Amino acid sequence: MPAQTAAKRLYYDSPILEFTAQITDIHLVAKELSATPDTAQLWQIALDRTAFYPEGGGQPSDTGLLIATAPSGTTLEIPVERVEEDEAGEVWHYVRKPLTSGTSVTGAVDPARRTDHEQQHSGQHLLSAVFLRELNARTVSFHLGAESSTIDLALPEGMDKLSDDDLRRVEESANRIIYENRPLLTHWVERPLAEAMLAHGDLRKLPPLEGPFRIVQMQGIEFNACGGTHVRSTGEIGSILLRRVEKVRQGWRVEFVCGLRAVRSARRDYTLLDTVARTLTISRADVPERVTKILEDKKAQAKEIKKLTAELSSKSRSPSS
């Protein structure tokens, strides 16, 4: 593990969500005169150790609480709005109330947000590995959004698009690996070993750091140099659902959801489909055909209206007999 020059990062090697720490630094970063007293100031707090993940690598930061206890026993709970890492490697927790440097606090990471981000990030690792294995399509970027996530793929030479069959094959293969419940393990390796893994093809890329490197291993699937938070096994990803594909400047963008997001997305889609079917008084399976016919009829009607309008216009310009 690397030498600690700033806060010890507990999330690297442990799923712990509640921890104790000491405040090492605090700064006022913003003051809004128009805001209420409770939100007028924004402070950044550094701790000697933290389980809060700072935004980076396509993954948003954790949120949660910092809890301070006075000698009288009174507790003060301060929401952590976001967490960022500066260029020096310090982790800053953004809050609306100040605390004194040296104060002991308890940190509590929002468990639902952490689990969601772990599912999406680990799902991305799996999806990228399967796209590479099945189609030789390389992931060039990743974004974890509030509702869905995306990866941008560079397709191999001679492949100009992703077909429906390609997507079904990748989606089914990824979900089979989820059901196999393969473990995810983390290792710290020095640069010479990391470079050897890169040369051997075990790693696809290395970040521009001196090392050592944190390697996330999805057993039997891939090794990946990554500092993000992950599930403990592929089974905890839950499921992967591919949502949409579009052409972008650097390749093809694939939108996907994992875990509970996939469940909610499927439920939302089903509800919308069922609502349309009920409105048209048909079965859900007949919705695509009926909608297509409605659009074709509308197009034909518009064409007929245009024709009749032209005929009426022509008659109105004709001289009277």
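The values are calculated or read from the model by the stated rules, or taken from the named source; none is laboratory data. These numbers come from a predicted model, not from an experiment. When we count neighbours, we look across all protein chains shown, and the Cβ atoms used for this are built from the backbone with ideal geometry, even at glycine. These accessible areas exclude ligands, DNA and RNA; they are computed on the full protein's heavy atoms, side chains included. Shrake-Rupley method; radii C 1.70, N 1.55, O 1.52, S 1.80 Å.
Some values worked out for this structure:
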quantity: Matching residues in segment 200-225 - criterion: being within 15 Å of LEU184 (Cα to Cα) and either in contact with a strand residue (DSSP E or B) (Cβ under 7 Å, 6 or more places away or on another chain) or among the β-branched types (Val, Ile, Thr) (or both); calculated: ARG214, ILE215, VAL216, GLN217, MET218, GLN219, ILE221, PHE223, ASN224, ALA225
quantity: Which numbered condition PHE223 fails, given (1) touching a residue at least 60 places away in the same chain (Cβ under 8 Å); (2) touching an Asp or Glu at 6+ places or on another chain (Cβ under 6 Å); calculated: (1)
quantity: Output for segment 187-227, where each listed residue is assigned to a loop (DSSP other than H, G, I, E, B) and of a type in the set (Asp, Glu); calculated: GLU190, ASP202, GLU210
quantity: Residue selected from segment 262-321 under the condition β-branched (Val, Ile, Thr) and more than 35 Å from the chain's Cα centre (by Cα), by the criterion farthest from GLN124 (Cα to Cα); calculated: THR309
quantity: Residue count for segment 236-274, restricted to those that are in a helix (DSSP H, G or I), free of Cβ contacts under 8 Å to residues at least 60 places away in the same chain and not polar (S, T, N, Q); calculated: 11
quantity: Matching strands (runs of 3 or more DSSP E) fully within segment 89-178 where at least 2 residues are among the β-branched types (Val, Ile, Thr) and within 27 Å of LEU209 (Cβ to Cβ); calculated: 138-144, 149-154
quantity: Neighbours by Cβ (under 6 Å, 6+ apart or cross-chain): first from segment 144-164, farther than 21 Å from LEU126 by Cβ; second open to solvent by less than 90 Å² (accessible area, probe 1.4 Å); calculated: none
quantity: Residue within segment 228-235 that is in a loop (DSSP other than H, G, I, E, B), at pLDDT 95 or above, in contact with a Lys or Arg (Cβ under 8 Å, 6 or more places away or on another chain) and surrounded by 15 or more Cβ atoms within 10 Å (Cβ to Cβ) present; calculated: yes
quantity: Scope segment 283-321; condition outside any helix (DSSP H, G or I) and under 27 Å from LEU242 (Cβ atoms); matching residues; calculated: SER283
quantity: GLU77 acidic (Asp, Glu) and touching a residue at least 24 places away in the same chain (Cβ under 8 Å); calculated: no
quantity: Single residue of segment 67-105 satisfying the filter (of a type in the set (Ser, Thr, Tyr) and touching an Asp or Glu at 6+ places or on another chain (Cβ under 8 Å)) that is surrounded by the most Cβ atoms within 10 Å (Cβ to Cβ); calculated: TYR94
quantity: Filter pass, LEU153 being surrounded by 17 or more Cβ atoms within 10 Å (Cβ to Cβ), at pLDDT below 95 and in contact with a Phe, Trp or Tyr (Cβ under 6 Å, 6 or more places away or on another chain); calculated: no
quantity: Members of segment 236-257 found to be crowded, with 18+ Cβ neighbours inside 10 Å and over 18 Å from the mean Cα position of the chain (by Cα), listed by number; calculated: GLY251
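Okay, residues lined up against (1) of a type in the set (A, V, I, L, M); (2) at pLDDT below 95:
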{"position": "GLN4", "(1), (2)": "no, yes"}
{"position": "THR20", "(1), (2)": "no, no"}
{"position": "VAL29", "(1), (2)": "yes, yes"}
{"position": "GLU32", "(1), (2)": "no, yes"}
{"position": "ALA35", "(1), (2)": "yes, yes"}
{"position": "GLY56", "(1), (2)": "no, yes"}
